[in-house]
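Written below as structure tokens is the structure these notes are about.
The values are calculated or read from the model by the stated rules, or taken from the named source; none is laboratory data. Here the structure is a predicted model, which means the values were calculated and not measured. Accessible surface is based on the protein model in full, side chains and every heavy atom, while ligands, DNA and RNA are left aside. Shrake-Rupley method; radii C 1.70, N 1.55, O 1.52, S 1.80 Å.
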Amino acid sequence: RIVAEDFPGAEVSTGDDVVAYALRTGGTICHAVGAAAMGPDETDVVDANLRVRGVGGLRVADASIFPVQPAGNTAAPVTVAGWIAADAIMSGG
């Protein structure tokens with residue numbers, strides 16, 4: 001049986017109260033992605049071999065290469081990015 005509301009509580013009752021509560025307590029579980037998005041175009045930061053365009057000897061192998069937010073946790077996709085980078089480096093790609 002429900003006796004009382006725990007969060008946000010009875011004191012949050014108007015639209016403004018809800019917005020204020022959300023701003024005060026809200027957060028996200030999304031991981032930052034896309035700062036160096038990979039793609040086929042010359043305007044994309046990183047190419048398919050994870051090389052940063054216009055910067056010799058630099059590769060990126062983290063979530064910043066993802067052009068969109070994965071639907072789940074980023075741990076597995078980032079691990080795959082690392083494998084791809086390692087393979088490319090070892091093969092000279």
So for the chain, averaging the separation of alpha carbon pairs under 8 Å that are six or more residues apart and normalising by length, what relative contact order in percent results? 22
State in Å² the accessible area per residue of the range 1-69; use a 1.4 Å probe, count heavy atoms of protein chains only, and round to the nearest integer. 75
Tell me the angle of helix 75-91 to the major Cα principal axis of the chain, expressed in degrees between 0 and 90 and rounded to the nearest ten. 10
CD proxy at 222 nm, helix term only [per DSSP H run n ≥ 4: -39500 (n - 2.57); per residue of the chain; nearest 500]: -9500 deg cm²/dmol
Sorted from largest down, give the three principal axis spans of the alpha carbons of the chain, whole angstrom values. 64, 29, 17
By how many degrees, 0 to 90 and rounded to 10, does the Cα axis of helix 15-25 deviate from the longest principal axis of the chain? 50
